[in-house]
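The values are calculated or read from the model by the stated rules, or taken from the named source; none is laboratory data. Just so you know, these numbers come straight off a predicted model, no measurement behind them. Note that each Cβ is placed from the backbone with ideal geometry, even for glycine, and that neighbours are counted across all protein chains shown. Accessible surface is based on the protein model in full, side chains and every heavy atom, while ligands, DNA and RNA are left aside. Shrake-Rupley method; radii C 1.70, N 1.55, O 1.52, S 1.80 Å.
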Amino acid sequence: MKNKFKQIGLIVFSLTMCACNQSGQTVPLDSIAVEEPIEISLKTSLYQEWLNDYQEKNPQWYKTDKNRRAFVKDFEKNIVSNIDFAKSVCDDNRSKIVNKEYISGNDEGDKLYAFEYKIKFNLPVPIPDGSSEGISYIYMRYGIMSLIPRNASSEYPYTADANYAERFDKHVPDRWKLEMGTYFIGNKVD
């Protein structure tokens with residue numbers, strides 16, 4: 001995130017310098033010191049594309065238990081059938097890991113961890129709650145189980161060679177928080 005702010009700041013600075021150049025002289029680009037190449041990515045993750053698309057097609061999906069269950073079911077279908085979607089759920093920068101727990105290890109030194117993610121996202125149409133604005137956001141929680149090789153960091157789920165995802169538990173409905181379930185994401189050994 002710091003790099004993006006730094007890159008945006010550099011762009012604004014460069015544009016300001018060009019605009020403030022009252023003499024009409026051209027400032028050569030190679031005279032501006034740049035520490036690293038500017039790379040601004042507007043790429044959206046598969047997970048975020050799915051969320052945007054789902055809300056566009058179902059703008060009031062969160063108003064009934066039945067519709068919330070359909071939302072969770074669609075999320076589950078995508079995560080267990082598309083490993084790239086599952087990886088994007090693990091790597092999405094809008095989601096925050098709020099808890100990490102060591103579960104067990106094996107003889108090779110690999111460690112099984114459970115990661116709890118929480119994400120707050122805006123609703124397309126606020127839910128009435130008696131106030132003039134209503135509730136305009138909802139929290140979503142999901143868990144990721146990951147077997148992490150002994151030589152890899154256990155800071156995040158390990159998805160480098162993941163080719164398999166499976167649901168671990170059942171959905172529990174909640175009006176203001178969505179429990180999306182817990183999933184194992186890793187390499188399936190036949």
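Just want to confirm a number: the relative contact order over the range 97-165, from Cα pairs under 8 angstrom separated by 6+ residues, in percent. Show your work: numbers first, answer last.
On the way: 116 pairs, mean separation 20.2, N = 69.
Relative contact order, the range 97-165: 29 percent.
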Principal semi-axes in Å for the range 55-190 [√(5λ), Cα gyration tensor, largest first]: 32, 15, 12
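So what is the accessible area of the range 77-190 per residue, in Å², with the probe set to 1.4 Å? Provide the component values of the computation, followed by the final result.
Values: 6550 Å² over 114 residues.
Ligands and nucleic acids excluded, the result is 57 Å² per residue.
Students often get this wrong, so check it: of Lys57/Lys100; Lys63/Lys100; Lys63/Lys118; Lys118/Lys188, which have C-alpha atoms separated by over 24 Å?
Details: Lys57/Lys100 34 Å; Lys63/Lys100 31 Å; Lys63/Lys118 20 Å; Lys118/Lys188 26 Å.
Violating the 24 Å Cα-Cα cut-off are Lys57/Lys100; Lys63/Lys100; Lys118/Lys188.
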Probe 1.4 Å, all protein chains in place: accessible area of Asp91 in Å², nearest 10? 100 Å²
Cα centroid separation - the range 90-122 against the range 150-171, whole Å: 8 Å
Relative contact order of the range 73-190, pairs being alpha-carbon contacts under 8 Å that are 6 or more residues apart, as %: 24 percent
Cα lying deepest toward the dipole's positive end in the range 97-190, options Ala152, Phe115, Tyr164, charges on Cβ: Phe115
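Using the Cα centre of the range 41-190 as the reference point, and only Cβ charges (+1 on K/R, -1 on D/E), how large is the resulting charge dipole? Debye, rounded to the nearest 20. Intermediate results must be reported in sequence, preceding the final value.
Working: 22 positive and 23 negative charges, 102 e Å.
Dipole magnitude for the range 41-190 comes out near 500 debye.
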